[in-house]
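Novice: Have a look at the structure that comes next, please.
A short reminder: the numbers here are calculations on the coordinates, not readings from a lab. Since the model is a prediction, treat every value here as computed from it, not as a measurement. Note: ideal-geometry Cβ built from the backbone for every residue, glycine included; neighbour counts use all protein chains shown.
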Amino acid sequence: MSERGNFGTKIGVILATAGSAVGLGNIWRFPYMTGQDGGAAFIVLYLVCILLLGIPGMVGEFIVGRHGASNAARAYHLLGGKWWAAVGYMGSVTSIIILGFYSVVAGWCLQYLMASLLGGLNGDAAYVARYFQEFSSHPVKPLLWTVAFILLTHLVVIRGVRRGIERFSNLLMPTLFVLLLIVVVASCLQPGAGRGVAFLFKPDFTKISRGVLLDALGQAFFSLSLGTACLCTYASYFSRQANLLRSAGQIAGIDTLIAILAGLMIFPAAFSVGVNPDSGPSLIFITLPTVFQQAFTPTLGYIVGILFYALLSLAALTSTISMHEIGTAMFYEQLHISRPRGAVLETLCAVAIGVACSLSCGAADISILGKSFLDCCDYLTSNILLPLGSFLTCILLGWVVPRRVVRDEFTNWGTLPGVLFAVWIFLIRYVSPLCIVAVFLHQLGVI
Ligand code: TRP
């Protein structure tokens, strides 16, 4: 275990873990879901889910990881017995699949960044739609971007926990925040932007349906990187003094702030030019380039376009780093090989999945049950493996592991006040598992 690193500073812990959480989930998925699900009412539900389920779930994964101080499979094994290692292995597999398809979308962001720089996105709505269609179904271009993104991730991860992950997160996260603020200010200063702000902050509760609630819950899990052993792997690099509850609160706070800022970047500009932001997943690749051109002067539109796709790529990178680290740690510790070799294995697996996902977007017919391979990977992970991983973690901590062990980790062996422990364990034992089962059944179409 001599190669095992750890995070060097408290701020490094927060920024690296927040880097995992902040990603395409915040800047791509959250805005399109908010647009589709009615705005502020969805956001209120989302906040409730983060508070009641997200933060407790995060603390749970932190406990497993810091207790085990090793890769996810071993950490679950150490806490629950040998069968529980399966949860760690499952998380590692899930993360490889997510890394594969996430890199495809991240690769699109790189292409859009380059196109923004070269002015290739200028044109009317039909032109941008055609641009996206032609690019994403091209047999070679998106493939190269996908592989490039995975290799970029690889280069950070092989530098190790402190010199790679922590150092890059400390650099990328503040940059991301500054870029985001610039675009938010530009967007909110547009005439008519107020309607976009109202859409985000004035809830209309008649818009709430069961589907919206479940969407909010699924989004909260995805955005916090819950359920794939990601947080557990990062927590294995935490120190014994780290305050798990406070860290979870801070990370969830940063994640939520960035999601809302992403909304403030997109909706005021969209409303100012009369575009309804309910177009779903294609929002940032088809709707937004046209919105930017219409809402801003040509120079400002050019700059905003570049900043937007740059920050999207940065956010995606800090997340892919975390996905990569899960598998890397598992491969090298479980197979007793060196860390760089573990990283190579992880990269090879991710490239194989990424290539298949990229080709399935139009260049080749790779589909299962009528869904493209990319959609299948997204569905399998977000709707099945992620909730399953979180559910099993709740069962392990709430019902299997002796209460004393869990309380010791929660309170740092009695050095932190344990008043919230009772609330937390109640949420983990009853509320979270029941909610996850509800999401699960809904996703499968049963309720
Ligand atoms: N949370 C990230 C986002 O919002 C995505 C992510 C990173 C993730 N690591 C994960 C999702 C692990 C699920 C599991 O984009």
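Novice: Which log10 I(q)/I(0) values, to two decimals, does region 223-270 give at q = 0.17, 0.21, 0.32 Å⁻¹ under the Debye formula with one point per Cα?
Specialist: After summing over all Cα pairs, the log10 values are -0.62, -0.80, -1.16.
Novice: With θ set to phi - 60° and the Karplus curve 6.51 cos²θ - 1.76 cosθ + 1.60, what are the ³J(HN,Hα) couplings of region 63-71 in order, to the nearest whole Hz, using x for Gly and Pro?
Specialist: Going residue by residue, I get 4, 4, x, 5, 4, x, 6, 7, 4 Hz, with x marking Gly and Pro.
Novice: Still on this model: Past the 17 angstrom mark, what percentage of all C-alpha to C-alpha distances in region 111-199 do you count?
Specialist: Working: 2767 of 3916 pairs.
Pairs farther apart than 17 Å: 71 percent.
Novice: Between ALA73, ALA363, ALA106, which gets the highest mean-square fluctuation from a Gaussian network model of the chain, Cα cutoff 10 Å?
Specialist: Fluctuation is largest for ALA363.
Novice: For region 195-262, which trypsin sites (Lys or Arg not before Pro) are in a loop by DSSP, counting at most 14 other Cβ atoms within 10 Å? Each step should come with its number before you reach the end.
Specialist: On the way: sites: ARG195, LYS207, ARG210, ARG240, ARG246; in loops: ARG240.
Here the sparse-neighbourhood loop sites are ARG240.
Novice: Then there is this: Taking the Cβ of CYS357 as the center, what net charge do the other residues with Cβ under 15 Å away carry, scoring Lys and Arg +1 and Asp and Glu -1? Walk me through the numbers before you get to the answer.
Specialist: Numbers: positive: LYS141, LYS371; negative: ASP365, ASP375, ASP378.
Every neighbour counted, the sum reads -1.
Novice: Any idea how far the Cα center of region 429-447 sits from the one of region 371-418, in Å?
Specialist: 14
Novice: Quick check: pseudo-label points 7 Å beyond the Cα along Cα→Cβ at TYR379 and ARG162, how many nm apart are they?
Specialist: Taking the simple label geometry, TYR379 and ARG162 are separated by 4.6 nm.
Novice: Note down, for region 197-291, the three equivalent ellipsoid semi-axes (square root of 5 times each alpha carbon gyration tensor eigenvalue), biggest first, whole angstrom.
Specialist: Values: eigenvalues 204, 49, 38 Å².
Those come to 32, 16, 14 Å.
Novice: Right, next: With bins 10 Å wide starting at 0, give me the P(r) of region 348-394 over every alpha carbon pair, in whole percents.
Specialist: Whole-percent P(r) values from 0 Å outward: 27, 42, 24, 7, 0.
Novice: Then there's this: To the nearest 0.05, what FRET efficiency results for ILE366 and LEU444 with a Förster distance of 22 Å applied to their C-beta separation? Intermediate results must be reported in sequence, preceding the final value.
Specialist: On the way: r = 24 Å, r/R0 = 1.08.
Given R0 = 22 Å and the Cβ-Cβ separation, E is 0.40.
Novice: Taking just the C-alpha trace of region 10-444, give me its Rg and Dmax in Å.
Specialist: For region 10-444, the Cα radius of gyration and maximum Cα-Cα distance read 20.9, 63 Å.
Novice: Can you check how the C-alpha radius of gyration of region 363-447 compares to 2.2 N^0.38 Å, as a plain ratio? Let's see the in-between values first.
Specialist: Working: Rg = 18.2 Å, N = 85, 2.2 N^0.38 = 11.9 Å.
This ratio for region 363-447 stands at 1.53.
Novice: Tell me, what is the percent relative contact order of the chain, built from C-alpha pairs under 8 Å that lie six or more residues apart? Can you show the working numbers first?
Specialist: Working: 726 pairs, mean separation 146.7, N = 447.
Computed over the chain, the figure is 33 percent.
Novice: Quick one: P(r) of region 1-154 from all Cα-Cα pairs, 10 Å bins, percents rounded to integers, in order of increasing distance.
Specialist: Per 10 Å bin, starting at 0, the Cα pair percentages come out as 9, 24, 32, 23, 10, 2.
Novice: On to the next question. Given H placed 1.01 Å from N in the peptide plane, which residues other than close sequence neighbours of ASN6 have an amide H under 5 Å from its amide H?
Specialist: ARG162
Novice: Turning to a different aspect of this structure: What spacing in nm lies between the two simple spin-label points modelled at THR299 and ALA422, each 7 Å away from Cα in the Cβ direction?
Specialist: About 6.4 nm, to one decimal.
Novice: Given H placed on each backbone N at 1.01 Å, which residues far from ILE368 in sequence or on other chains put an amide H within less than 5 Å of it?
Specialist: PHE373
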